[in-house]
Amino acid sequence: MLHLSLTLLGTIALSAVAWWATTRFALQQIAAEVERDTGVLLQSAQLGGPRGLALAIEARIAADASGTQYFLLAAPNGTHLAGNLARAPRGPGWETLALERPAPAPPGELLAFGTPLPGGAFLTVARDIAPVRALEATLLGAAGWVGGAALLLGLAGGTLLGRSATRRAAAMETALARIELGEMTHRLPVTGSGDDYDRLAARINATLDRLAVLMTTLRQVTDDIAHDLRTPLNRLRQRLEAALRDGDAAAAIPAAIAEADHLLEIFAALLRIAQVEAGARRAGFAPCDLSVIAESVAEVYAPAAEERGQVLETAIAPGIACQGDRELLTQALANLLDNAVKHGREGGRLRLALGAESITVADDGPGIPPEERELVLRRFYRRDAARSTPGSGLGLALVAAVAELHGMALRLEDNAPGLRVVLALPSPGGPPPRCG
């Protein structure tokens, strides 16, 4: 209804402007003709005097096939000398005069211009503006037809648009109802037209996809916790039962404490990953110097690499900065270097590189097969070759969460031999990081 009202108002406004401009132009044309005829008659008066002017007026009246030209030459006392006009204007200049026509014709209007002549005579030249009034009537009629057509088209278009919008809204409501009833894989229909409904449906579908991923992750985490924590909890219980049975609590307590600390570390890591994925740490983002962070992490892990006979090479460009959480970035780099030290070849080479576009951590160990590179980013996932080393399978999961929080793209690549982990840094003018 609002659209229809605005359309009608716009049509009326445009019609009014067109009517005003057209009739004004027509009146200006008539006024120009009156001025031109007045100039010609004044020249006749100069050349032939009153007699010549009267003859020129009668000649013009005789030659007027349209019957719209009117003239009057009046003596100083008002006596009619020549012309077909009944009376003169009240004074010199422009004036609109009433034109009496024989019945049954309606009266008309004249646009008249009066000019005093030397000696006291008075010349009036006028034009019938009936053609202008006829043009006005035609324009008003056309405006009525245009307005009526706009009204009909607006009603028809509004009805069609309203029905289309109702159908789209109903389809979206039906889809959401199915999702509400448990069909979590169902999505809102998208026609591909790119209109507001399509953009809204696409955004809702993206949100549902994200929720589905989070729900899957939640179920996976629940299953992983139930599966992976069962073994250390059973081991802790067995040790306590053995201590209770043998009466040797002093020997069992340190092992039980170590096992409990390991469990607490796992829960702390899970809590940190959950906080990162929820985006809770983004509020604390501040300018960070990645170069300084990389240098400090490399310095910490250099002794551990030396113990295994490994050489840690660094290629860290200075002054690489970003907006982020310094603690999380440090933890992510530490996890990557820790994995490289643990799983790299003894006596091999490790590499930590930082440039304007990426962070790279590489080793020359056994690497990870392509089919397992997505799996190692899951919580608690540990390859068979890594089960003999200490750990909980949460290190790369935290790295993946930190990378997503900071808008980085995480890639696991073949180092031929070994594994190369690449964190592609976001461009300064790129999109904001996705919320975990």
Practice task
Would you confirm whether any residue within the stretch 302-313 is modelled with pLDDT under 90, outside any helix (DSSP H, G or I) and surrounded by fewer than 17 Cβ atoms within 10 Å (Cβ to Cβ)?
Solution key: no
Practice task
Please verify whether the stretch 238-247 includes one or more residues that are in a loop (DSSP other than H, G, I, E, B), assigned by TED's automatic domain parsing to the domain that holds His262 and modelled with pLDDT under 75.
Solution key: yes
Exercise for the section: Could you tell me whether the stretch 175-185 includes any residue that is under 26 Å from the mean Cα position of the chain (by Cα) and over 30 Å from Ala32 (Cβ atoms)? Expected result: yes
Fill in the blank from the handout: By residue number, the members of the stretch 383-436 that are at pLDDT below 70, closer than 30 Å to Asp261 by Cβ and among the small types (Gly, Ala, Ser) are Ala385, Ala386, Ser388, Gly391, Ser392, Gly393, Gly436
Handout entry: Evaluation of Ala321 against (1) of a type in the set (A, V, I, L, M); (2) surrounded by fewer than 16 Cβ atoms within 10 Å (Cβ to Cβ); (3) more than 36 Å from the chain's Cα centre (by Cα) (one fails), failing number
Key = (3)
Practice task
Pull up the stretch 11-30, narrow it to residues that are among the small types (Gly, Ala, Ser) and surrounded by 15 or more Cβ atoms within 10 Å (Cβ to Cβ), then point me to the one that is modelled with the highest pLDDT.
Solution key: Ala26
Handout entry: Any chance Ala169 is free of Cβ contacts under 8 Å to residues at least 40 places away in the same chain and either assigned by TED's automatic domain parsing to the domain that holds His80 or of a type in the set (Gly, Ala, Ser) (or both)
Key = yes
Practice task
Looking only at the stretch 50-62, decide whether some residue is assigned to a loop (DSSP other than H, G, I, E, B), surrounded by 13 or more Cβ atoms within 10 Å (Cβ to Cβ) and either in the same structural domain as Val34 (by TED's automatic domain parsing) or within 60 Å of the chain's Cα centre (by Cα) (or both).
Solution key: no
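The values are calculated or read from the model by the stated rules, or taken from the named source; none is laboratory data. Because the structure is a prediction, the values reported are computed rather than measured. Neighbour counts are summed over all protein chains in view; Cβ atoms, including those assigned to glycine, are modelled from backbone coordinates with ideal geometry.
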